[in-house]
Amino acid sequence: MILATAVSVAVSTLFSPAATAIRSEPLPELTESQEAEFREGFAAFRDMTFPNEGLGPVYNAQQCYNCHSNPLGGLSARKRAIVTRFGRNDAGVFDPLTHLGGPLLQSKSLSKECRETVPAEANVVAQRVPTSMMGGGLIEAIPDQQIIDRAIAQQLENPAMAGRVHVVTSVSDGLPHVGRFGWKAQWALIPDAVADAMLNELGMTNALFPSENAPNGDPDLLAQCDTVPEIEDTDDFLGRFTHLVRYLAPPPPRRARQEENPRVVQGKALFHAIGCAFCHSNGYTTESTIPALDGKSIPLYSDLLLHDIGTGDGIVQGDAQGNEFRTPPLSIDTKSPYLHDGRARNMDDAVDAHRGQALAIRDAYFALSKAERKTIRKFLKFK
């Protein structure tokens, strides 16, 4: 098994792309009990969920692994793992249509009677690919103030491109935190994100989300189709999944010593010169009472802020508007197709989709020669 031999190695390669197979591993420096919790979560993550355990009545997958399998905890290896969100926009006011089962469509059901469809009232329909959870504990351990300070620094440096913090209220502790997980930075803490996925993707009610999703918002259908009306997470899957994500290591490097490759060095310099690193930046350092997560410098290639780069999907989540997305980390397990809906077939297509606040960066990229653009792509591939 590929285990990082030092924290500096594991963290320095946190989101480095790789074409070769990568493995899911626990963080270095975990205690014996923490590593045992990771292994329990690993097993639960791959387990199939059945109706008598709380699956459904509407759901998107029967196991977490369906959407996070490349590798376990990463992105999906299946194109069919794309999920659909919907809502209604009337004169700039977004309605998530929760009374009709929105804003997330559950594409599967335990019976034909319970099957959901996108309601006719929806005039905003969007698709998204699942986000990676690798290195999630390190991201969770970034202090809120560091992200806030990054937003302030961007505002001072270039207000036209500056991102903004998404402050969310945690369902775990009821307190405000800076969001950092999900396409809209709609979750700040791992238990919140995990519990939401359990309910909305598996259909499993839990301590944080005890109310079942009614098929297309119909309570009569829910009464008819819900096979386990009480809270369904009786075996602490929430705790197991949380441990897995929190202790999941970043991916290993793709290839040793690529940082010395002259073309990679040139690509990195150009990446910074044309301004990509304004949003896809590094510099965050973790703080945690867990030694394995404390004091780690994270080359995340993301500011974790909300930006409008012309690829919004129209879906409002919390304070994140329809035209905004969190800067996605440039990740080892990110493979084509790219962007939130997978419409970009290659890196050039992904850069070309950068409009709005990032239009100047997009134009600077395509003003480079083909050879220069190729060195940037090589840097992104091997960093």
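Please turn the phi angles of the range 175-186 into ³J(HN,Hα) values with the Karplus equation 6.51 cos²θ - 1.76 cosθ + 1.60 (θ = phi - 60°), one per residue in order, whole Hz, x for glycine and proline.
Result, ordered by residue: 9, x, 9, 7, x, 8, 9, x, 4, 10, 6, 7 Hz.
With only Lys, Arg, Asp and Glu charged, each at its Cβ (+1 for the first two, -1 for the last two), find how big the charge dipole of the chain is about the Cα centre; round to the nearest 20 debye.
Using only the charged Cβ atoms, the result is roughly 2400 debye.
Helix-only estimate, please: 222 nm mean residue ellipticity of the chain, summing -39500 (n - 2.57) across DSSP H runs of length 4 or more and dividing by its residues, to the nearest 500. The partial results should precede the final answer.
Numbers: 11 runs with 106 residues, N = 383.
Using -39500 (n - 2.57) per qualifying helix, the result is -8000 deg cm²/dmol.
How would you rank Ser111, Ser288, Ser69, going from fewest to most other Cβ atoms within 10 Å of each one's own Cβ?
Ser111, Ser288, Ser69
Full-extension gain between Val118 and Arg343, please, as 0.36 nm times their residue separation minus the C-alpha to C-alpha distance.
That pair, Val118 and Arg343, stretches by 78.9 nm at full extension.
How long is the gain from Asp90 to Asp47 if the chain were fully straight, where each residue apart is worth 0.36 nm and the alpha carbon distance is subtracted?
Computed gain between Asp90 and Asp47 is 11.3 nm.
Rounded to the nearest Å, what's the spacing between the alpha carbon centres of the range 60-118 and the range 340-383? Just the number, please.
29
Could you list Met133, Met347 so that the one with the fewest beta carbons within 10 Å of its beta carbon is first and the one with the most is last? Let's see the in-between values first.
Numbers: Met133 27, Met347 18.
Lowest count first: Met347, Met133.
For Leu304, which sequence-distant residues (separation of 5 or more, or a different chain) have an amide H within less than 5 Å of its own amide H, given hydrogens modelled in the peptide plane?
The answer is Thr327.
Lone cysteines in the chain, going by a 4.7 Å Cβ-Cβ cut-off?
Here Cys64, Cys67, Cys276, Cys279 come out as lacking a disulfide-compatible partner, given the Cβ-Cβ threshold of under 4.7 Å.
Mind listing the phi-derived Karplus ³J(HN,Hα) values for the range 355-367, rounded to whole Hz, using 6.51, -1.76 and 1.60 with θ = phi - 60°, and x for any glycine or proline?
Couplings: 10, x, 5, 9, 4, 5, 5, 4, 5, 5, 5, 7, 7 Hz.
If a paramagnetic tag sat 7 Å from the Cα of Ile290 along the Cα-Cβ line, which residues of the range 146-188 would have the backbone N under 19 Å from that point?
The answer is 170-174, 177-182, 187-188, whose backbone nitrogens lie closer than 19 Å to the label point.
List every residue whose amide H lies under 5 Å from the amide H of Leu72, counting only residues 5 or more places away in sequence or on a different chain, with H placed 1.01 Å from N in the peptide plane.
Ser24
Using θ = phi - 60° and the Karplus curve 6.51 cos²θ - 1.76 cosθ + 1.60, what whole-Hz ³J(HN,Hα) does each residue of the range 294-299 get, with Gly and Pro shown as x?
Result, rounded to whole Hz: 9, x, 9, 7, 10, x.
Bear in mind that the values in this text are calculations on the coordinates, not laboratory data. Since we're looking at a predicted model, the values are computed, not measured. Here the Cβ is made from the backbone with ideal geometry for all residues, glycine too, and neighbour counts use every protein chain on show.
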